[in-house]
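J.: Dumping the structure here so I can ask a few things about it.
The values are calculated or read from the model by the stated rules, or taken from the named source; none is laboratory data. Keep in mind it's a predicted model, so treat the numbers as computed, not measured. We place every Cβ from the backbone using ideal geometry, glycine too, and count neighbours over all the protein chains shown.
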Amino acid sequence: METASFRLSEMYRLPWTLPDNGISWLEPTAHCNLNCYGCYRKNIKNSNKPFEEVKHELDVFQALRKTDCISIAGGEPLLYPNIIELVAEIKSRKLKPIINTNGIALTKELLHELKKAGVFGFTFHIDSKQGKGREKKWEGKNEIELNELRLHYAEILAAEGNIACSFNSTVYGDTLQYVPDLVDWAHKHIDIVHTMVFILFRYITPELPFDFYAGTKKIYFDDIHYHSDKDEITNLNSKQVVEVIRKRFPEFKPAAYLNGTYKADDYKWLLTERIGTKDNIIGYLNNKFIELVMQFYHFKFDRYLSYASPKILSLGRATLFNLWTINKSVRKALGNYFKFLIKNPFRIFKKLYIQSIMIIQPVDFMENGDQSMCDGCPDITVWKDRNGKDQLVWSCRLEEPMEHGVFLRTVPKGFNGNSV
Ligand code: SF4
């Protein structure tokens, strides 16, 4: 497949680092009410952490990392018995609580309680390979058919008021084709859907030309949680996703990224910001716009922005009129807006919103066995090592240190792992 025709030099490298980041990742439980095919965590019953331990993890974040929001993940965080207290605790520390959920356990009553406790946003993970656990009517539905379920959650959040609404989907080789439909669906609901996230599927398959080691001990394929015997595409990259989106929406233009730890142009997190009404996208915001927002926010609040509130995101028109003199992409969007109004002046009554599309490309293997991770990983979590010391680790590979005490090394097959 061709690579996307955007250039690294035209994009802003998100300023997130290990000690200063937009996001941090908290897992109060490993228990889940679904068994998604692509999940990188074991589903463990009775794995709720004591509330004091979770508060300690928040202390660790606050000691080691400036952060804007805390993603409460898992497992399924809504199954955690202290979830309301936890949201209130995070809010009391002046951080934004974001719940990463499959939505199954979310009732309107619980949502109301969470709002009262201070929840800032939800990220719903919904895709077609989540297995059984949802109502029967969603079984066997493809990504487009699942938009009805996505809309249900977006609407109940909108009815509760001013809660950020995001959707995550894992993208597999055979579901890549649906990404433009989801991008299109998100546009039609730009007033209540604030972010769409596409996470590219990664698993270990027998075709991978590597052996795995924990220190000097060889670890067998079957003993690694995220392995599959199926013939799967496990190396989709974000440039390919952009190409697929651009076939339908040629003007789609990413503006910011996180690189890989081994390759500068591996776009591990690739962010696109667009502005428009529910009927028309009038522009894509550029690298300098995102730089301006990030640096201004950091200057004012001493941390980098991750989630913006729905109220801010609905100020599309104010953004155009206030920033057109200093930003080229805003100027271009304003020009398009005037053309849009000339065609039909009644459009002045339509609100303009800002919406984010993020593509996440997890671990990649380099030829020599190095593993390229997201440089400035936002989804870092706390793990207590075998000496009882708190460590900040990648949440996507947490099973490795939990099971083997260390992250696994990959060594090209044919080499002796103990001499490499
Ligand atoms: S390194 Fe892993 S946990 Fe961190 S952002 Fe990338 S995919 Fe997520």
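Rundown of residues vs (1) charged (D, E, K, R); (2) touching a Ser or Thr at 6+ places or on another chain (Cβ under 7 Å), yes/no style:
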residue: Val293; (1), (2): no, no
residue: Val330; (1), (2): no, yes
residue: Gly335; (1), (2): no, no
residue: Gln361; (1), (2): no, yes
residue: Asp375; (1), (2): yes, yes
residue: Thr381; (1), (2): no, yes
residue: Asp385; (1), (2): yes, no
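J.: Is it the case that some residue within region 151-161 is assigned to a loop (DSSP other than H, G, I, E, B) and either within 16 Å of the ligand (Cβ to nearest atom) or modelled with pLDDT of 95 or more (or both)?
T.: For region 151-161, residues assigned to a loop (DSSP other than H, G, I, E, B) and either within 16 Å of the ligand (Cβ to nearest atom) or modelled with pLDDT of 95 or more (or both): present.
J.: Could you please give the count of residues in region 179-224 that are in a loop (DSSP other than H, G, I, E, B), within 16 Å of the ligand (Cβ to nearest atom) and touching a helix residue (DSSP H, G or I) at 6+ places or on another chain (Cβ under 9 Å)?
T.: The number of residues fulfilling the criteria is 2.
J.: Is there a residue being under 18 Å from Asn100 (Cα atoms) and not in a loop (DSSP other than H, G, I, E, B) anywhere in region 35-47?
T.: no
J.: Right, here's the next one. Among the listed residues Thr319, Thr261, Thr272, identify the single one that is closer than 22 Å to Ile163 by Cβ and not aromatic (Phe, Trp, Tyr).
T.: Only one candidate qualifies: Thr319.
J.: If you go through region 200-213 one residue at a time, how many are among the aliphatic types (A, V, I, L, M) and surrounded by fewer than 19 Cβ atoms within 10 Å (Cβ to Cβ)?
T.: Adding up the residues that qualify gives 1.
J.: On the basis of being crowded, with 17+ Cβ neighbours inside 10 Å and either touching a residue at least 60 places away in the same chain (Cβ under 8 Å) or in a loop (DSSP other than H, G, I, E, B) (or both), does Thr17 make the cut?
T.: no
J.: I would also like to ask the following. What tally of residues in region 127-141 results from selecting those that are over 15 Å from Asn168 (Cα atoms) and either charged (D, E, K, R) or in a loop (DSSP other than H, G, I, E, B) (or both)?
T.: Residues flagged as over 15 Å from Asn168 (Cα atoms) and either charged (D, E, K, R) or in a loop (DSSP other than H, G, I, E, B) (or both) within region 127-141 amount to 10.
J.: Separate question: So is Asn102 touching a Cys at 6+ places or on another chain (Cβ under 8 Å) and of a type outside the set (Gly, Ala, Ser) or not?
T.: Yes: the conditions hold for Asn102.
J.: Within region 221-235, how many residues turn out to be in contact with a strand residue (DSSP E or B) (Cβ under 8 Å, 6 or more places away or on another chain) and more than 23 Å from Asp266 (Cβ to Cβ)?
T.: Qualifying residue count for the region: 1.
J.: Let me ask something else. Being in a strand (DSSP E or B), in contact with a helix residue (DSSP H, G or I) (Cβ under 6 Å, 6 or more places away or on another chain) and buried (at least 19 other Cβ atoms within 10 Å of the Cβ) narrows it down to one of Ser24, Ser71, so name that one.
T.: The conditions single out Ser24.
J.: If I filter region 15-33 down to residues being away from the ligand (no atom under 11 Å from the Cβ) and among the aliphatic types (A, V, I, L, M), which single residue comes out as nearest to Lys288 (Cα to Cα)?
T.: Leu26
J.: Hey, among Lys137, Lys188, Lys141, Lys108, which residue is basic (Lys, Arg), out of contact with any strand residue (DSSP E or B) (no Cβ under 7 Å at 6 or more places or on another chain) and without any contact (Cβ under 8 Å) to a residue 12 or more places away in the chain?
T.: Lys137
J.: What is the residue count in region 214-236 for residues that are surrounded by 18 or more Cβ atoms within 10 Å (Cβ to Cβ) and free of Cβ contacts under 8 Å to residues at least 40 places away in the same chain?
T.: Counting residues in region 214-236 that are surrounded by 18 or more Cβ atoms within 10 Å (Cβ to Cβ) and free of Cβ contacts under 8 Å to residues at least 40 places away in the same chain gives 1.
J.: Sticking with this one: Among (1) within 12 Å of the ligand (Cβ to nearest atom); (2) out of contact with any Pro (no Cβ under 7 Å at 6 or more places or on another chain); (3) touching a residue at least 40 places away in the same chain (Cβ under 8 Å), which single condition is Cys396 missing?
T.: For Cys396, the failing item is (2).
J.: Quick check: is even one residue across region 185-196 surrounded by fewer than 22 Cβ atoms within 10 Å (Cβ to Cβ) and on the phi > 0 side of the Ramachandran plot?
T.: No, region 185-196 contains no residue that is surrounded by fewer than 22 Cβ atoms within 10 Å (Cβ to Cβ) and on the phi > 0 side of the Ramachandran plot.
J.: Look through region 394-405, keep the residues that are buried (at least 19 other Cβ atoms within 10 Å of the Cβ) and hydrophobic (A, V, I, L, M, F, W, C), and return whichever of them is farthest from Gly22 (Cα to Cα).
T.: Top of the filtered list is Leu398.
J.: A further question follows. Give me the residue from region 256-265 that is over 19 Å from Asn21 (Cβ atoms) and either within 14 Å of the ligand (Cβ to nearest atom) or buried (at least 22 other Cβ atoms within 10 Å of the Cβ) (or both) and, out of that set, modelled with the lowest pLDDT.
T.: So, considering only residues that are over 19 Å from Asn21 (Cβ atoms) and either within 14 Å of the ligand (Cβ to nearest atom) or buried (at least 22 other Cβ atoms within 10 Å of the Cβ) (or both), the one modelled with the lowest pLDDT is Lys263.
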